[in-house]
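For reference, the structure discussed in these notes is given below.
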Amino acid sequence: MAKVLVVTSGKGGVGKTTSTASLGAALAQGGQRVVVIDFDVGLRNLDLVMGAERRVVFDLINVVQGDAKLAQALIRDKRIDTLSLLPASQTRDKDALTSDGVAKVLAELREKFDWVICDSPAGIEKGATLAMYHADAAVVVTNPEVSSVRDSDRIIGLLDSKTQRAERGERMEKHLLLTRYDSARAARGEMLKTEDVLEILSIPLLGIIPESEEVLRASNIGAPITLSNPASAAGRAYFDAAKRLRGEDIPMTVPVERRGLMGKLFGRRVA
Amino acid sequence: MEWLARLDEQIERAPGFFHKRPVVLDLSVTQLNEPGIRALLSELQSRDIRIIGMEGADPSVQSIDVPGWPPMLNGGRAASGVEVRDEPPPTPAEPEPEEPAPLLISEPIRSGQSIVFPKGDVTIVGSVSSGAEVMAGGSIHVYGALRGRAIAGMLGNPRARIFCRRLEAELLAIDGLYRTAEDMDPALRGRPVQAWLDRDSIVVAPLD
């Protein structure tokens with residue numbers, strides 16, 4: 001049974017696209033059939049982060065409007081053959097996306113894949129609401145800072161009211177992914193503590209992704225961190241998060257870069 | 001017109017006293033005839049006092065009916081020709097005092113959500129997030145952190161109160177009076193408190 005997952009946050013720049021690519025790749029590396037969809041019409045990025053920008057021919061809007069078949073628009077990853085990308089249109093307006101059209105595309109994707117991961121645009125406008133509307137579960141990407149937490153809170157409210165599941169009176173499964181977490185700054189009290197974020201948002205924690213140069217580097221070379229550097233702290237954190245998505249019980253830690261003894265000292269449990 | 005001079009003094013002391021207030025003129029202490037009343041009315045009008053009716057006037061002016069002339073009122077007393085009935089008038093069925101059922105919410109109120117319940121009390125088992133608001137006709141009870149806005153007694157109820165397990169509110173309001181986070185005692189932040197109205201100010205006191 002395929003699962004439609006929306007990766008959302010409200011606020012921009014917190015790591016939705018990076019997390020979509022990394023979680024998608026991690027799940028696919030674990031043998032799952034995964035498709036990642038870019039819903040950020042007009043500001044598409046997922047193709048870059050996935051390293052597929054030179055292979056885009058058709059996009060989500062072409063499929064929604066019937067100008068292309070789904071098979072024509074899907075781009076299969078060259079490194080993992082169970083991973084595919086459905087890019088957004090860079091030139092079209094997001095008004096071209098219709099709820100019915102999106103529903104049809106998602107229904108078709110559900111047949112072919114185990115995981116359908118929708119990368120939501122920032123904000124709470126049409127693009128974001130369409131990306132979440134048909135989802136079965138949500139990954140709420142949050143940075144440990146007040147503005148990001150408040151925006152995530154707003155998004156959780158929308159997930160519980162403006163989605164198909166909510167309208168049917170069903171519960172939307174929600175997971176918190178805390179990204180750009182800096183252990184050193186957290187220790188100095190310069191960031192919100194994990195338990196404060198959890199207390200405010202009160203949804204279960206999927207993982208804590210440490211702030212890392214590696215993540216930035218991975219995005220720039222067009223490879224999700226779980227592919228380009230699976231042994232890195234962020235890479236391991238995404239692998240753990242992907243396992244938790246599949247229902248595995250993995251103890252929650254903040255992985256750190258392996259630096260011998262120091263690394264062991266800091267690799268402590270946090271929640 | 002010594003009376004008018006004293007009225008002016010009064011208005012000077014309390015400029016808003018008559019502002020937009022409907023006023024009934026009691027003429028029983030005067031013996032003013034029609035031109036006298038007319039003069040008095042124009043004096044009052046020039047002071048922006050709105051006369052909606054008059055009572056106790058000399059019988060000779062009772063029946064004047066010209067446009068702009070305030071209607072005569074009779075202080076609610078029966079005027080004449082009281083109808084005598086054998087049976088008591090049917091008492092209108094007393095409307096059942098509607099029992100205000102409180103609203104119970106057992107989920108956190110998220111940023112951007114607004115709970116509006118003019119009928120009565122609102123109880124929230126969970127937190128009210130920053131950027132969320134709860135408005136109630138009665139009191140508000142939050143079994144969690146109150147980080148957003150709580151507006152109790154929204155339709156005018158000075159007896160409404162706000163209770164919360166942890167005060168981190170952006171704004172508390174009762175019966176139209178409000179207090180922002182900035183005006184709250186920092187020592188109360190993070191503590192269980194209740195807020196109520198004492199005359200014209202909101203009092204916030206710890207519950208523990």
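Please treat every number below as a calculation from the coordinates, not as lab data. What you see is a predicted model; the values in this text were computed from it and never measured. Because the Cβ atoms are built from the backbone with ideal geometry, glycine has one as well, and the counts that use them run over all protein chains shown.
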Gyration tensor on Cα atoms of the range A:76-122, a ≥ b ≥ c root eigenvalues, a/c under 1.5 rounded, else prolate if a/b beats b/c, else oblate, says oblate
Cα centroid distance between the range A:128-162 and the range B:136-179, in Å? 27 Å
Over the range A:151-248, what is the mean sequence separation of C-alpha contacts under 8 Å (at least six apart), divided by residue count, expressed as relative contact order in percent? 23 percent
Of A:126/A:193; A:104/A:162; A:11/A:69, which ones are farther than 30 Å apart at the Cα? A:126/A:193; A:11/A:69
Ranking of B:25, B:171 by count of other Cβ atoms within 10 Å, fewest first: B:171, B:25
Computed E for residue B:177/residue A:146 - FRET, C-beta separation, R0 35 angstrom, nearest 0.05: 0.80
Rounded to a whole number, the mean other protein chain Cβ count within 10 angstrom for residues of B:129-138 is 2
Among beta bridges that DSSP assigns inside the range A:1-145, antiparallel share in %, nearest 5: 10 percent
Note on chain A, DSSP bridge orientation, antiparallel percent to nearest 5 equals 10 percent
Okay, which of the range A:50-84 sit inside 16 Å, backbone N to the point 7 Å along the Cα-Cβ direction of residue A:91? A:54-63, A:65, A:67-68
Test item: B:102-113 mean partner chain Cβ contacts at 10 Å: 5
Residue exposure sequence - B:141, A:134 - by fewest surrounding Cβ within 10 Å: A:134, B:141
Quick query: amide H of residue B:152 versus all other amide H atoms, modeled in the peptide plane; which residues come in under 5 Å with a sequence gap of 5 or more or a different chain? B:136, B:173, B:174, B:175
Mind listing the long-range amide H neighbours of residue A:117? Cut-off is under 5 Å, sequence gap 5 or more, other chains count too, H placed in the peptide plane at 1.01 Å from N. A:5, A:35, A:36, A:37
In whole Hz, what ³J(HN,Hα) sequence does the range A:61-78 give by Karplus (6.51, -1.76, 1.60; θ = phi - 60°), x for Gly and Pro? 5, 4, 5, 4, 8, x, 7, 9, 7, 4, 4, 6, 8, 5, 10, 7, 5, 7
Provide Rg over Rh for the range A:150-222; use the alpha carbon set for both Rg and the Kirkwood Rh (inverse mean inverse pair distance). 1.08
Residue-by-residue Karplus 3J(HN,Hα) for the range B:35-48, coefficients 6.51, -1.76, 1.60, Hz, glycine and proline x: x, x, 5, 4, 5, 4, 4, 6, 4, 5, 4, 5, 9, 6
For the range B:108-119, 3J(HN,Hα) per residue [Karplus equation, 6.51 cos²θ - 1.76 cosθ + 1.60, θ = phi - 60°, Hz, x = Gly/Pro]: x, 8, 7, 3, x, 8, 9, 9, 10, 9, x, 6
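Of the beta bridges DSSP finds with both residues in the protein assembly as shown, what % are antiparallel, to the nearest 5?
Values: 16 of 75 bridges.
In the protein assembly as shown, approximately 20 percent of DSSP beta bridges are antiparallel ones.
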